[in-house]
Amino acid sequence: MRKNANLPALIFVFILLVLWQAGAMGMDAAYILPSPTQILARLWELRGPLFTAHLPATLLCTGIGLAISVVLGLLLAVLMDASPAAEKMLYPLIVASQTIPTTALAPLFVLWFGYTIWSKVLVTVLITFFPIAITVFDGFRSAKTDMVDMLKTFGAGRKEIFCKLKLPAALPYFFSAIKMAIPMSIIGAAIGEWLGAQAGLGYFSRRMMTQLDGAGVFAPIVLLSAVAMLAVAIVSWIEKKVVTWRGSL
Amino acid sequence: MHMLEFQNVVFQYDSEDFNIIDGLSFGLDRGEFVSVIGPSGCGKSTIFRLVNQLLPRKSGDILVDGERIDGRRGYCGYMPQRDLLFPWRTVAGNLCLPMEIRGGLSRAEMAQRAEETLASVGLAGWGDKRPDELSGGMRQRAAFARTLLTGSELLLLDEPFSALDFLTRINLQEWLLAQWEREHKTVLFITHDVEEAIFLSGRVLVVEETPIRRLVSFDVPASYPRTRECLTHPDMLALREKLIGLLRREVSA
């Protein structure tokens, strides 16, 4: 049933790929527009450095950045939930900060942290930390007032209300936040690497560009997309196991 | 001694410039089943929220079992209009909630009590199910079981059947009477359904006016145990018409 539902989209993607292939073959300028088959071939040729050096570098940066973002985002969400004063102080700032083009600040971080991993981690954290904080905080607030009231009549204090109601209520929101943050953190890492790094898929893509290797530019991008999709799929799978009640609150 | 007693209770919402409850006094005896009726928005739920201290009163005293409620917890079990079963817990897990919060019982003891109470409300074997696997009537019975497990002698039931279809509702009314006769709890029941109030209660308290200064008490001329046939008795019909008349006058006023 689900496969059928996705079928039109898959057919459409296939048609686009065929058009791309035909266009690229007609143009015959692989340094500008490589064809999908040329990209796949290049991915295979470059598999050594891509999979042993550059993919691990990017994943490390993404992983560290995401971990910091989750911890910071959760802390901030809990803080705002616990203290109305903190909420009034932080919530507007967090919302406003969403309008700052964080990626445009990335060169600054390279300036400050150099070609180390930390300039890339910082970009990743800045991009993903705010949406996680906001989404999880909204999850805490999704706990219905009458449920809170009912727990109060049972004699529950703030800690019990948090553990028994708000935490489980926010769990679906937490998973949504993670699924949203994964592609964003990969984008952040790639941008950071693009601007200044010694390894990583973003760095590799840029190096291929200076060599006018069109397929070489695309290959790491294809890899990045595949990694992001795989990671989101894994999280979705865990979510299905953990959150069995989505939508019934 | 009254099970529940209001002494000159005054309450005002911050958003309003008058006391919605203004010097209200009334009492409930131990083991009584009493309904409060009144039109929507008249303040009957406010009375409940004062008893379970979700709202702070301005002045006056509320006594449960002869003692002031201030600083006490677990003296009343509250059943809200919606069942409010937590979807991430099993049915039995939901029943354990009040016991977990009160503390003092081991996991095994809680599970055993939950299982016993489920059996007593006719849901034996449903403990491992998720709430969304239950029908509306079953969810409401599970919510009642959860209220019983607060261990309180005084139960506040706030329109618990109003969201159910007609047949489920009258079934649950009969079921609730049987539960009450077995458990010997004191029940204060809010409804806007006059027939429901007459069928269930020994006494009906009517909210005649807002602000609420007094509740007018009517004794129901029928003894327990009851069946629905008693509703067709002339005395019962007369009471029903009288109460409906009172409420209509108030709504049109």
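Annotations for the structure displayed:
- Contact map, the stretch B:52-78: residues that are within 14 Å of chain A (Cβ to nearest Cβ) paired with residues that are surrounded by 14 or more Cβ atoms within 10 Å (Cβ to Cβ) and small (Gly, Ala, Ser), Cβ distance under 7 Å, separation 6+ or inter-chain. Pairs shown: B:ARG73/A:GLY155; B:GLY74/A:GLY155; B:GLY74/B:SER152; B:TYR75/B:SER152; B:CYS76/B:SER152; B:GLY77/B:SER152.
- Residues of the stretch B:102-134 classified as within 21 Å of the chain's Cα centre (by Cα) and among the small types (Gly, Ala, Ser), total: 3
- The residues of the stretch B:213-228 that are assigned to a loop (DSSP other than H, G, I, E, B) and not hydrophobic (A, V, I, L, M, F, W, C), listed by number, are B:ARG213, B:ARG214, B:PRO221, B:SER223, B:TYR224, B:PRO225, B:ARG226, B:THR227.
- Residue in the stretch A:149-164 that is among the hydrophobic types (A, V, I, L, M, F, W, C) and surrounded by fewer than 17 Cβ atoms within 10 Å (Cβ to Cβ) present: yes
- Single residue of A:THR124, A:THR128, A:THR135 found to be in contact with a Phe, Trp or Tyr (Cβ under 9 Å, 6 or more places away or on another chain), β-branched (Val, Ile, Thr) and assigned to a helix (DSSP H, G or I): A:THR135
- Reported count of residues in the stretch A:198-225, each being over 18 Å from A:PRO183 (Cβ atoms) and not β-branched (Val, Ile, Thr), is 15.
- Filtering A:MET180, A:MET150 for residues that are within 30 Å of B:GLN53 (Cβ to Cβ), assigned to a helix (DSSP H, G or I) and either away from every other protein chain (no Cβ under 14 Å) or free of Cβ contacts under 8 Å to residues at least 24 places away in the same chain (or both) leaves a single hit, A:MET150.
- From the options A:SER69, A:SER97, residue that is over 18 Å from A:GLY216 (Cα atoms), surrounded by fewer than 18 Cβ atoms within 10 Å (Cβ to Cβ) and hydroxyl-bearing (Ser, Thr, Tyr): A:SER97
- Residue ID - farthest from the other protein chains (Cβ to nearest Cβ), chosen from residues in the stretch A:119-147 that are farther than 27 Å from B:LEU84 by Cβ and among the β-branched types (Val, Ile, Thr): A:VAL123
- Only one entry in A:GLY192, A:GLY214, A:GLY247, A:GLY188 is under 28 Å from A:VAL71 (Cα atoms), out of contact with any Lys or Arg (no Cβ under 8 Å at 6 or more places or on another chain) and at pLDDT below 90, namely A:GLY247.
- Among all positions in the stretch A:199-222, there is at least one residue which is buried (at least 20 other Cβ atoms within 10 Å of the Cβ), more than 12 Å from every other protein chain (Cβ to nearest Cβ), outside any helix (DSSP H, G or I) and under 25 Å from the mean Cα position of the chain (by Cα).
- Within the stretch B:83-98, the residues that satisfy the criterion of being outside any loop (DSSP other than H, G, I, E, B) and more than 9 Å from every other protein chain (Cβ to nearest Cβ) are B:VAL91, B:ALA92, B:GLY93, B:ASN94, B:LEU95, B:CYS96.
The values are calculated or read from the model by the stated rules, or taken from the named source; none is laboratory data. Just so it is clear, the structure is predicted and the values come from calculations on it, not from any experiment. Cβ: placed from backbone, ideal geometry, glycine included. Neighbour counts: every protein chain shown.
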